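Structure first, then comments.
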Amino acid sequence: MKLDIKNGKVDMSHGSGGRAMAKLINELFIKHLNNTLLRQGNDSACFQIPEQATGSGRMVMATDAHVISPLFFPGGDIGSLAVHGTVNDIAMSGAKPLYLSASFILEEGFPLADLECIVISMAEAAETASVSIIAGDTKVVEQGKGDGVFISTTGIGVVPQGVNISGDKAQAGDAILISGSMGDHGIAILSKRENLDFETTIESDSAALNSLVADMVNAVPQIHCLRDPTRGGLATTLNELATQSKVGMQIKESNIPVNPQVTAACELLGLDPLYIANEGKLIAICAKADAENLLSVMRDHPLGKDAAIIGEVITDKHNLVQMETCFGGQRVVDWLVGEPLPRIC
């Protein structure tokens, strides 16, 4: 008897290791995440190390857990987000993502139709990012002990020779760039979670950034830092980089792109878009001499069309991030305190 995707729900037998679990894996996960390595059916995936990796000996590994609420939101869902999150973490080292693994914790009673939608979304996101999900695991917890679906993903990638990007390499005089508008993801989640109605739908920016990063690295292989400003937003991520590199940062508020809908929502809710999460944007720090070239390359890519230079790295023993406001004043942009938007990724 085939799995009843339309009307069925996850039950404890789907995590038992028996026939029901095998049917779930074969008729849902393997069906949509289908590739040669996954179909091997082993507890681990055996793959060939790419030739370019053997020359440099440098590979990258990243892992991430995704517990977002709600599971489905304007512009994406937990499935695509799980792929994008790990692909982007790998790409921020300048690496080319190759393979992912995925671990699912399912709550008893979760509709199989919704689970299939999530898995299809993962498959589509992986295909768009040119990566394969080659290993996975599924566990089921009793009803009330989960929140529908939790997904953990781990990925590996390879760093091109001559690329050495890290959060501790920012230098005084460097330019700070961002790939687009800030706060779209967090406000999209909040609007869905709180049933807020705006004149236009605010969609998450969730996307895989590896193709944008590849163009950037090809043009400017000596980029110093890359980072995706997810939880804590632009402000917290800049503070992380300043602390890592033992420098200060000076940014200009008028140069930071923020969608008008996000600005309006933040004003209504008393939030600062600089602290709102993003899932399809990046920060780049490079030598000032490379900034205009890098900016042009970013703007030529669909995911960087609104890229901007927002400031520069400065010498500061206190490692502060400071901002020139739209009114001409100066303020310190500190670390995020508390958690204004829980369960954001």
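The figures follow:
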{"read-out": "Backbone N within the range 126-145 under 16 Å of label point (7 Å from residue 343 Cα along the Cβ vector)", "value": "143-145"}
{"read-out": "R0 of 45 Å, Cβ-Cβ distance residue 46-residue 288: FRET efficiency to nearest 0.05", "value": "0.45"}
{"read-out": "Pairwise FRET efficiency - residue 318 versus residue 34, Cβ, R0 = 51 Å, nearest 0.05", "value": "0.45"}
{"read-out": "The chain shape via C-alpha gyration tensor axes, a/c threshold 1.5", "value": "oblate"}
{"read-out": "FRET efficiency, residue 5 to residue 196 (Cβ-Cβ, R0 45 Å, nearest 0.05)", "value": "0.90"}
{"read-out": "The range 103-197 - Rg (one decimal) and Dmax (whole number), Cα, Å", "value": "19.1, 56"}
{"read-out": "Karplus 3J(HN,Hα) series, Hz, for the range 107-118 with 6.51 cos²θ - 1.76 cosθ + 1.60 (x for Gly, Pro)", "value": "8, 3, x, 5, x, 5, 5, 5, 4, 4, 4, 5"}
{"read-out": "Computed [θ] at 222 nm, helices only, for the chain once each DSSP H run of length n ≥ 4 contributes -39500 (n - 2.57)", "value": "-8500 deg cm²/dmol"}
{"read-out": "Cut-off under 5 Å, modelled amide H: who pairs with residue 259 long-range", "value": "182"}
{"read-out": "Residue-wise HN-Hα coupling along the range 7-13, computed from phi with Karplus coefficients 6.51, -1.76, 1.60 (Hz; x: Gly, Pro)", "value": "10, x, 10, 5, 10, 4, 5"}
{"read-out": "Whole-Hz ³J(HN,Hα) from phi, Karplus 6.51 cos²θ - 1.76 cosθ + 1.60, for the range 205-216, glycine and proline x", "value": "8, 3, 6, 7, 9, 5, 6, 5, 4, 4, 5, 5"}
{"read-out": "Surface share of carbon and sulfur [accessible, 1.4 angstrom probe, percent] for the chain", "value": "50"}
{"read-out": "Semi-axis lengths (Å, descending) of the ellipsoid that matches the C-alpha gyration tensor of the range 129-172", "value": "37, 17, 7"}
{"read-out": "Charge dipole (debye, nearest 20) of the chain; +1 at Cβ of Lys and Arg, -1 at Cβ of Asp and Glu", "value": "720"}
{"read-out": "Partner lysines for residue 246 [C-alpha distance under 24 Å; skip if fewer than 8 residues away on the same chain]", "value": "169, 281, 288, 317"}
{"read-out": "Within straight-line cross-link reach of residue 31, lysines at Cα separation under 21 Å, skipping those fewer than 8 residues along the same chain", "value": "2, 6, 9, 23, 139"}
{"read-out": "Size of the range 241-345 as Cα extents on the principal axes (Å, biggest first)", "value": "40, 37, 31"}
{"read-out": "With 10 Å bins from 0: P(r) over the range 118-274, alpha-carbon pairs, percent", "value": "8, 28, 33, 25, 6, 0"}
{"read-out": "Other-chain or far-sequence residues with amide H under 5 Å of residue 133's (modelled H)", "value": "100"}
{"read-out": "Spin-label pair residue 246/residue 142, simplified geometry with 7 Å Cα→Cβ offset, distance in nm", "value": "5.3"}
{"read-out": "For the range 206-257: Kirkwood Rh in Å [reciprocal of mean 1/r, alpha carbons]", "value": "12.9"}
{"read-out": "Accessible area per residue, Å², the chain with all protein chains present, probe 1.4 Å", "value": "46"}
{"read-out": "Amide proton proximity set for residue 92, modelled H, under 5 Å, gap of 5+", "value": "none"}
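The values are calculated or read from the model by the stated rules, or taken from the named source; none is laboratory data. Given the structure is predicted, the values throughout are model-derived calculations rather than measurements. Backbone-built Cβ (ideal geometry, glycine too); neighbour counts: all protein chains shown. With ligands, DNA and RNA removed, areas are computed over all heavy atoms of the protein, side chains included. Shrake-Rupley method; radii C 1.70, N 1.55, O 1.52, S 1.80 Å.
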